[in-house]
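Participant: If you scroll down you'll find the structure; I have some questions about it.
The values are calculated or read from the model by the stated rules, or taken from the named source; none is laboratory data. Only a predicted model underlies this, so the values are computations on that prediction, with no experimental measurement involved. Ligands, DNA and RNA are excluded from the accessible area calculation, which covers all protein heavy atoms including side chains. Shrake-Rupley method; radii C 1.70, N 1.55, O 1.52, S 1.80 Å.
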Amino acid sequence: MTRHVPIRDTATADPMIVMADVEKWYGGFKALSAINLSVRRGERIVLCGPSGSGKSTLIRCINRLEVCQKGEIRVGGTRLDDDGHSIDAVRREVGMVFQHFNLFPHMTVLQNCMLAPMRALKVSRREAEETARRLLDRVRISEQADKYPAQLSGGQQQRVAIARALCMRPSVMLFDEPTSALDPEMVKEVLDTMIGLAEEGMTMICVTHEMGFARQVADRVIFMAEGSIVEEAPPDTFFTQPRHERTRKFLGEILRPY
Amino acid sequence: MKRTDPQKVGCRGNAMNYALDFTPVLDGLPDLLAGCLGTLLLALGGMAIAIVIGIGGVVLRDSRYKAIRWAVKSFVELIRNTPFLVQIYFIYFALPLAGLRLDPTPTAILALGINGGAYAIEIIRGGVQSISRGQVEAGLALGLHKGLVFRLIVLKPALRAVFPSLTSQFILLTLTTSVASAISAYELTSVAQRIESESFRSFEVFGVITLLYLGLSWLMMTFFSTISTRYFSYPVK
């Protein structure tokens, strides 16, 4: 596996994702309020915060699994709106990995990886298979290509899910608590895969409580509470000198030694 | 016509004296077997329509237009809350009024398909609801459109989830084909009725077709379990 030099200093490049004054309600409940976020190409963001703070909702707005009622979201220059073309364009750019893997149980690992490229991008079967095998190899699971998801461990399933998303050649990857449903001994293999991706310069937004991962790969850590961004800082600053009381309390809870 | 002759009552009505005579049934066996094929044709045709209505109805029941959703719901309620015999009469006598004259057999297939379809909608809908939202989201996030997500991702696991219910519904449909004798469609029961009316060997005739129906049901069950192992045998946790 070739490891490219991490792309860190791209501040001058156009932002890959822009969220401006985004608000979202579920009925009377305000799930997101006044979210302003700009993510540069190649940047790695870790989103953390207590449950119900809106982290998942935020990233799910980016590929429009959730629809926000106010504000603007741009991904790679495309402005998300009700127009199906903009949604298609954004979803082609953005890959997503879910907490519960969401592999398709009735397809083999290989078929899981080939489905969307063939059906959404209209690439040939041969090319789709080639890409799928290459990416399965990259997440070190190529020998399981003909198995069904239920025959794999959780960690293996999540690595397949990452490969499946990569098969669409996205320029951004969203991770929604990718290790939360895993047995502890499988967390590392998934995080290693994610670190590999980060090292290759993938733009990533990860909702996770893996603070070791945040320390190692994040350019910025964002802390959310009650639907708002409370604090954002590079990991060094974030973990050592949190400015807000909410952040300190949260870090105290999550990093507390037993 | 009242029977007054006690001798005759004893002869026809008393089980102890009933002499079994299978000759008319044996003579009619080729007809009965042809009737079995007629029944199979009605059943398979009805199932084909029912599965199309079932899947299509599930899609339409989720339509963005209230009128379409309402229409599907009404259809299901109408069919599930009226007797099949009345439905098949209604279709048989109402279609000509609408300018469509069909023979009894196509009419029966249509009626069975419509009836089975209404039940299939409810069964398949249950299957679709059992599929986790995450499956749909994964498909959408991969850039697939809603229709493709349903067809490629949701449908197969949904059908798998309700396949046993669907199987028993379709076996019921197979047996319900006998009602089509009411509009003299060509199937096993109408053949049996003809033989019985010509020979008066009621017990023998209906005894034999009972066994034949049992065989047909068994055939259907085999058919469905073959489909199940062929298409729905992927492993799940």
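Participant: Please list the helices of chain B that count as membrane-span-like by this rule: a mean Kyte-Doolittle hydropathy of at least -0.5 together with Cα atoms stretching 27 Å or more along the helix axis, each helix being a complete DSSP H run. It would help to have the intermediate numbers written out before the result.
Facilitator: Details: long enough: B:29-61 (46 Å, 1.92); B:104-130 (39 Å, 0.66); B:202-231 (43 Å, 1.10).
Helices passing the filter in chain B: B:29-61, B:104-130, B:202-231.
Participant: Between the range A:95-140 and the range A:151-222, what's the alpha-carbon centroid distance in Å?
Facilitator: 16
Participant: Provide, as a two-decimal number, the C-alpha radius of gyration of the range A:125-258 over 2.2 N^0.38 Å, N being how many residues it has. Each step should come with its number before you reach the end.
Facilitator: Values: Rg = 17.0 Å, N = 134, 2.2 N^0.38 = 14.1 Å.
After normalising by residue count via 2.2 N^0.38 Å, the value is 1.20.
Participant: Estimate for me the total accessible surface buried between chains A and B (protein heavy atoms, probe 1.4 Å, no ligands or nucleic acids), in Å² to the nearest 100. Each step should come with its number before you reach the end.
Facilitator: On the way: alone 12520 and 14150 Å², together 24610 Å².
Interface area, both chains combined: 2100 Å², rounded to the nearest 100.
Participant: In Å², what does the accessible area per residue of the range B:58-217 work out to with a 1.4 Å probe?
Facilitator: Values: 7850 Å² over 160 residues.
With all protein chains present, the range B:58-217 gives 49 Å² per residue.
Participant: Restricting to Cα pairs below 8 Å that are 6+ residues apart, what does the relative contact order work out to for the range A:141-258? Please round to a whole percent. The partial results should precede the final answer.
Facilitator: Working: 95 pairs, mean separation 21.2, N = 118.
That works out to 18 percent.
Participant: Would you please give the residues with an amide H less than 5 Å from that of A:V139, counting only those at least 5 places away or on a separate chain, with H modeled from the backbone geometry?
Facilitator: none
Participant: Would you calculate, for chain A, the mean residue ellipticity at 222 nm contributed by helices, counting each DSSP H stretch of 4 or more residues as -39,500 (n - 2.57) and dividing by all residues, to the nearest 500? Don't jump to the answer; show the numbers that get you there.
Facilitator: Working: 9 runs with 96 residues, N = 258.
Helices in chain A give a 222 nm mean residue ellipticity of -11000 deg cm²/dmol.
Participant: Using θ = phi - 60° and the Karplus form 6.51 cos²θ - 1.76 cosθ + 1.60, what ³J(HN,Hα) does each residue of the range B:150-159 get, whole Hz, x for Gly and Pro?
Facilitator: Residue by residue, the range B:150-159 yields 5, 5, 8, 10, 7, 4, 5, x, 5, 5 Hz.
Participant: Could you tally up the Lys pairs in chain B with alpha carbons closer than 29 Å? Skip any pair fewer than 8 positions apart unless they're on separate chains. Let's see the in-between values first.
Facilitator: Numbers: B:K66/B:K146; B:K66/B:K156; B:K73/B:K146; B:K73/B:K156; B:K146/B:K156; B:K146/B:K237; B:K156/B:K237.
Lysine pairs satisfying the spacing and distance rule in chain B number 7.
Participant: Right, something else. Within the range A:126-258, what whole-number % of the accessible surface is contributed by carbon and sulfur, with the 1.4 Å probe and all protein chains included in the calculation? Don't skip to the answer; put the middle values down first.
Facilitator: Values: 2700 of 5830 Å².
The value for the range A:126-258 is 46 percent carbon and sulfur by accessible area.
Participant: Using Cα-Cα distances under 8 Å and only pairs 6 or more residues apart, what relative contact order does chain A have, in percent?
Facilitator: Working: 464 pairs, mean separation 66.7, N = 258.
For chain A, the relative contact order is 26 percent.
Participant: When we measure straight from the Cα of A:K249, which lysines land under 28 angstrom away, once same-chain ones fewer than 8 places off are left out?
Facilitator: Once the sequence-local lysines are set aside, what remains near A:K249 is A:K24, A:K30, A:K55, A:K188.
Participant: Using only the Cα atoms of the protein assembly as shown, what are the Rg and Dmax in Å?
Facilitator: Using the Cα atoms of the protein assembly as shown, the pair Rg, Dmax is 31.8, 111 Å.
Participant: Counting only DSSP beta bridges with both residues in the protein assembly as shown, what percent are antiparallel, rounded to the nearest 5?
Facilitator: Details: 20 of 37 bridges.
The answer is about 55 percent antiparallel.
Participant: What is the spread of the Cα atoms of chain A along each of their three principal axes, largest first, in whole Å?
Facilitator: Taking max minus min along each principal axis of the Cα atoms, chain A gives 53, 48, 39 Å.
Participant: Next question. Using only Cα atoms, what Kirkwood radius does chain B have, in angstroms? Numbers along the way, then the final one.
Facilitator: Numbers: mean 1/r = 0.0489 Å⁻¹.
This gives a value of 20.5 Å.
Participant: Of the heavy-atom accessible surface of chain B (probe 1.4 angstrom), what whole percent is carbon and sulfur?
Facilitator: Numbers: 8640 of 13100 Å².
Ligands and nucleic acids excluded, carbon and sulfur give 66 percent.
Participant: Enter the accessible area per residue of chain A (Å², integer; probe 1.4 Å; all protein chains in place).
Facilitator: Values: 11520 Å² over 258 residues.
Each residue of chain A exposes 45 Å² on average to a 1.4 Å probe.
Participant: Heavy-atom accessible surface, probe 1.4 Å, ligands and DNA/RNA ignored: which residues of the range B:119-156 lose at least 30 Å² versus the isolated chain?
Facilitator: Residues losing area: B:Q135, B:E137, B:A138, B:L140, B:A141, B:L142, B:G143, B:L144, B:H145, B:L152, B:I153.
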